[in-house]
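This report concerns only the one structure given below.
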């Protein structure tokens, strides 16, 4: 389930559907029993057993509305929606920060407060009412538990020869999790320059850029890589079928392991061809029943404060982040300066 590569068959079938490509926001399109979702990957299961799989099936059964699903990287989904701005094909877009803010800044999202969004923390929804988190999540790294007796404790350990051509992270500016590497490094090292200096040094061990975060986990599980980046929800779900995956959070030498919230945030696309259907799907995603399934099925954290999961997955997830310092990025700064940060990374690493 690649985070940054569109599922070609799905995309082709979408483009081949005349009503989506021709009707735009017409009344004919509005009457259709369909809703189109552009989403970052991580919530749809490899074997049809993910949170999306369950709620889309339940939603269609309850409403008769079919979900057309297109998957790619967070940045890729926003870019695609931006290209289609004059004739939108998507109704709902789901991305990780800072790309949901980027979508909002480009005028791609219209105001809509889904039912239940009053139970979502203010930090997990847009101040202007244009987006709301539907699954909470945290940034993290993975390692191969079979090849390594324990996870490397610090960023600095990743510079050792052990990780030569055995380490890879997804591409900043394209992947949400790849961008998260920059955000965490800048926080842990205390600024842009020291972070870029470190990432430049790390590049000698890096296999190379990866457009897909989701594709890194199978490589780590097989031992092709020892370490890669990811996020807690996606990697926890993958670990059910990839037993060698371990989740960890690097610290700067002498510091504490850190992470930050990286929620899946959803918004209603401006001039969506099926606006009412999009609203219904967003309402369904935030319903208590759907939110109770976030940890049990999806391996994530409920976005609603009034849903307290007690299933085995919820307990295991709480243990994973226990003792890890959670910081809050300055998303306004990141949204404003993302291009310059990515350019600085490219310059530092010759990428």
Any residue that is in contact with a helix residue (DSSP H, G or I) (Cβ under 9 Å, 6 or more places away or on another chain), farther than 19 Å from residue 73 by Cα and not in a loop (DSSP other than H, G, I, E, B) - is there at least one of those in the stretch 98-108? no
Step by step: first the residues of the stretch 219-254, then only those that are part of a helix (DSSP H, G or I) and within 16 Å of residue 168 (Cβ to Cβ), then the one that is farthest from the chain's Cα centre (by Cα). Which residue is that? 222
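Yes/no matrix, rows are residues, columns are (1) over 14 Å from the mean Cα position of the chain (by Cα); (2) crowded, with 24+ Cβ neighbours inside 10 Å; (3) within 15 Å of residue 177 (Cα to Cα); (4) modelled with pLDDT of 95 or more:
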{"site": "66", "(1), (2), (3), (4)": "yes, no, no, yes"}
{"site": "74", "(1), (2), (3), (4)": "no, yes, yes, no"}
{"site": "85", "(1), (2), (3), (4)": "yes, no, no, yes"}
{"site": "90", "(1), (2), (3), (4)": "yes, yes, no, yes"}
{"site": "95", "(1), (2), (3), (4)": "no, yes, yes, no"}
{"site": "107", "(1), (2), (3), (4)": "yes, no, no, yes"}
{"site": "113", "(1), (2), (3), (4)": "yes, no, no, yes"}
Note on residue 309: of the conditions (1) in contact with a helix residue (DSSP H, G or I) (Cβ under 7 Å, 6 or more places away or on another chain); (2) within 25 Å of residue 251 (Cα to Cα), unmet is (2)
I'm told residue 318 meets every condition in (1) farther than 18 Å from residue 58 by Cα; (2) buried (at least 19 other Cβ atoms within 10 Å of the Cβ); (3) within 21 Å of the chain's Cα centre (by Cα) except one. Can you identify the failing condition by its number? (2)
For residue 274, work out the one condition from (1) buried (at least 24 other Cβ atoms within 10 Å of the Cβ); (2) not assigned by TED's automatic domain parsing to the domain that holds residue 38 it doesn't fulfil. (2)
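The values are calculated or read from the model by the stated rules, or taken from the named source; none is laboratory data. Because the structure is a prediction, the values reported are computed rather than measured. Note that we place each Cβ from the backbone using ideal geometry, even for glycine, and neighbour counts take in every protein chain shown.
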